[in-house]
Amino acid sequence: APTRAQWKTLAVMGLCLLFLGNGMVVLAERDVSSGLAAVAVASVPLWMALFSAIRGEKVTAGEWLGIAVGFVGVVWLNAGSSLTATPTGLILLLIAPLGWAAGSIWSRGRDLPSPFMTAAGQMLCGGVILVSAGLLRGERINAWPSLQGLLSVSYLTVFGSIIAFTAYVWLLHNVRPVLASSYAYVNPVIAVALGAWIAHERFSISDLGAMAVILAGVVVITLARLRRA
């Protein structure tokens, strides 16, 4: 179990990653297009590289190149969507990646429990903060969720939280930050592929080109990390 000092660190991580990172995206998506939200989230590797440099950890030229290539690919992939937003939504979309990146870099080298307990602890802390914020905003659960809603949350609990978030926590403390954050470039590609498979959505040759550019950016980041090693 985490020590008292570790719980304080986990609370800060829950505040930065889950409340500021995820929570602000949820609020923003009431007023902004999904394409713009995807582009904003894809800026996480850029901020993580910047915060790493400020902290004194050198970011190689190859990593900067991979970040730029991947970001261009995400912008290209979402270029066909309606990039609309309100001023409030834009501010929230700026806060979200900043909070996620700052919390991620701040946590590196800190005294933390095992990756599974670290992920669980900050999700517990973040959950308490999010529920408290929701109650303060007047949000209430007025009806029992549908079966589809419960199954959706169950899927996110297993694959989004237990598997994916724990994997991110492990990567954050075992590989370079730029490589750990490259998931932000892969997510849109997977989303498009699942949309085509499950929801029978169609995508164009332009979409395929954008996904190829995104994956190229991830490959460049990975090769830069291997070359550095």
| At most 11 other Cβ within 10 Å, DSSP loop - trypsin sites (Lys or Arg not before Pro), segment 156-229 | Arg202
| task | Answer rounded, prolate or oblate for segment 1-91, using the Cα gyration tensor with square roots of eigenvalues a ≥ b ≥ c: rounded when a/c is under 1.5, else prolate when a/b is larger than b/c, else oblate. | result | oblate
| remark: Most packed first (mean Cβ within 10 Å per residue), the peptides 36-44, 212-220 order as 36-44, 212-220
| query | Once whole DSSP H runs in the chain are found, which of them have Cα atoms spread over 18 Å or more along the helix axis and a mean Kyte-Doolittle score of at least 1.0? | reply | 61-77, 87-107, 115-136, 183-198, 205-228
| What whole number of Å gives the distance from the Cα centroid of segment 114-149 to the Cα centroid of segment 1-33? | 11
| For the chain, what is the charge dipole size about the Cα centre, in debye to the nearest 20, if Lys and Arg each add +1 at the Cβ and Asp and Glu each add -1 at the Cβ? | 620
| Summing Lys, Arg as +1 and Asp, Glu as -1, what charge do residues with Cβ under 12 Å from the Cβ of Val131 carry, Val131 excluded? | +1
| Is the shape of the chain best called rounded, prolate or oblate, per the rule: a/c under 1.5 gives rounded, else a/b larger than b/c gives prolate, else oblate, with a ≥ b ≥ c the square roots of the Cα gyration tensor eigenvalues? | oblate
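Readers should treat all values here as calculations from the given coordinates under stated rules, not as data from a laboratory. Every value quoted in this text rests on a predicted model; they were computed, and no experiment measured them. Don't worry about glycine lacking a Cβ; one is built from the backbone with ideal geometry, like all the others, and counts go over all protein chains shown.
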